[in-house]
Amino acid sequence: MKRLLSFVLLFCLLCTGCAAESAFVSTEMFAMDTYISLRVWGDNSDLSDVITEIRILEKQFSVTDEESDVYTLNQTGSVKASSNLLELLDAAVSFSERTDGAFDPTIYPLVQAWGFTTQEQRVPSQKELDSLLPLVGTEHLSVEGDIVTLDSGVQIDLGGIAKGYTAQKCTESLVIRGVQTAILSLGGNVQTLGTKPDGEPWVVGIADPDNPSEAIAVVSFTGSMALVTSGGYQRYFEQDGTRYHHILDPKTGCPVQNELASVTVLAQDGTLADALSTALFVMGLDEASAFWRESTDFEAVFITKDREIYATEGAAALLSGGEVQVISR
Ligand code: AMP
Ligand code: MG
């Protein structure tokens, strides 16, 4: 499996002409199975609070950490959940409903069958997939008070939403601490807070799916925004000349196969941007465009496998790079 690190690209493109900027503190870390870069216009205690918050949330949401709430839930079918896990599960279920199941937090039995969390990737048989598909669906998850319960055999995976939620929570905590400007990059999730002190726009690259250390387009904007990319190139394995990636269609149990190589969602809310980037990738270009036309809370950039760039009106206005096909209302 390859883990390709678009964060490097994203952070290299953060600014043009930083010389006049006032002081920031920054660090890099590995958590939530991805490389994380943090830059905060504040002091070291602001930065260390963000690091601590990421570690705490990772400990709750990880599917592989035997001490996490999600691990306990998946192993025992029940857990007394933290307020963060309850909030994230609630969001995950509502995005699943909103996207008609394209995003589904109960996908874990399928993710495991393909070996995406075990490092032992394999192509499961159709018989195996058929036996697992009935376990997928948010109707198998119930919450009463702070107790979360799963039907027998059902397991959850918040990997499609947890990084966006974490970035959102960290920026909210920074605001409470009085920090006005920051940029957090958790793998394919970038979240900005405020405007840089020198007034220059944030400049964030969208990775070229065929060469993820390069940008295929860049987004320039001022102010707070979450930009989250889902792409088949981010995690995959190859067997007998076929590439199998990590974003699964909950209806078939297989890696999504459509014209898309990546989807980037731009939104005010990081949790929403993360859930919808995964969901729009599952939907494909036409269905995702129709979904956007019915929505008012996000914009999106689609890169197709044949390297065409499609962008919703609001996103197109912020894009530069290649030729863009604009998706209108
Ligand atoms: P992302 O990179 O945010 O699109 O999330 C992809 C990750 O979410 C995968 O590695 C799986 O852990 C999980 N996942 C895969 N397919 C789905 C899906 N259809 N809905 C929700 N989560 C998914
Ligand atoms: Mg996602």
Search result, residues across the range 233-277 that are within 11 Å of ligand 2 (Cβ to nearest atom) and either farther than 16 Å from Asp157 by Cβ or assigned to a strand (DSSP E or B) (or both): Val263, Thr264, Val265, Gly270, Leu272, Ala273, Leu276
Evaluation of Thr117 against (1) open to solvent by less than 10 Å² (accessible area, probe 1.4 Å); (2) touching a Ser or Thr at 6+ places or on another chain (Cβ under 7 Å); (3) within 16 Å of ligand 2 (Cβ to nearest atom) (one fails), failing number: (1)
Top-ranked residue in the range 245-277 [being more than 9 Å from ligand 1 (Cβ to nearest atom), closer than 21 Å to Gly187 by Cα and polar (S, T, N, Q); ranked as surrounded by the most Cβ atoms within 10 Å (Cβ to Cβ)]: Thr264
Residue tally, condition more than 25 Å from Pro197 (Cα to Cα) and open to solvent by 50 Å² or more (accessible area, probe 1.4 Å), over the range 41-57: 3
Filter result for Ser45 (in a strand (DSSP E or B), of a type outside the set (A, V, I, L, M) and at pLDDT 95 or above): no
Top-ranked residue in the range 71-97 [being part of a helix (DSSP H, G or I), open to solvent by less than 20 Å² (accessible area, probe 1.4 Å) and more than 16 Å from ligand 2 (Cβ to nearest atom); ranked as farthest from Glu139 (Cα to Cα)]: Leu85
Qualifying residue in the range 278-286 (condition: open to solvent by 50 Å² or more (accessible area, probe 1.4 Å), away from ligand 2 (no atom under 16 Å from the Cβ) and without any contact (Cβ under 8 Å) to a residue 12 or more places away in the chain): yes
Selection count where residues are among the polar types (S, T, N, Q) and within 11 Å of ligand 1 (Cβ to nearest atom), scope the range 132-154: 1
Unmet requirement for Gln112, which otherwise passes all of (1) open to solvent by 50 Å² or more (accessible area, probe 1.4 Å); (2) more than 20 Å from His245 (Cβ to Cβ); (3) within 12 Å of ligand 1 (Cβ to nearest atom): (2)
Residue match in the range 188-210 (condition: within 16 Å of ligand 2 (Cβ to nearest atom) and among the aromatic types (Phe, Trp, Tyr)): no
Residues of the range 239-293 classified as closer than 24 Å to Ala317 by Cβ and in contact with a Pro (Cβ under 7 Å, 6 or more places away or on another chain), total: 2
Any hit, the range 202-209, residues being farther than 19 Å from Arg307 by Cα and either hydroxyl-bearing (Ser, Thr, Tyr) or outside any helix (DSSP H, G or I) (or both): yes
Close pairs from the range 59-73: first closer than 17 Å to Thr34 by Cα, partner open to solvent by 60 Å² or more (accessible area, probe 1.4 Å) and among the charged types (D, E, K, R), Cβ under 9 Å, at least 6 apart: Lys59/Glu67; Ser62/Asp33; Thr64/Asp33; Asp65/Lys59
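The values are calculated or read from the model by the stated rules, or taken from the named source; none is laboratory data. None of these values were measured; they are calculated from a predicted model. Ideal geometry is used to build each Cβ from the backbone, glycine not excepted, and the neighbour counts take in all protein chains shown. Just the protein is used for accessible areas: all its heavy atoms, side chains included, with ligands, DNA and RNA removed. Shrake-Rupley method; radii C 1.70, N 1.55, O 1.52, S 1.80 Å.
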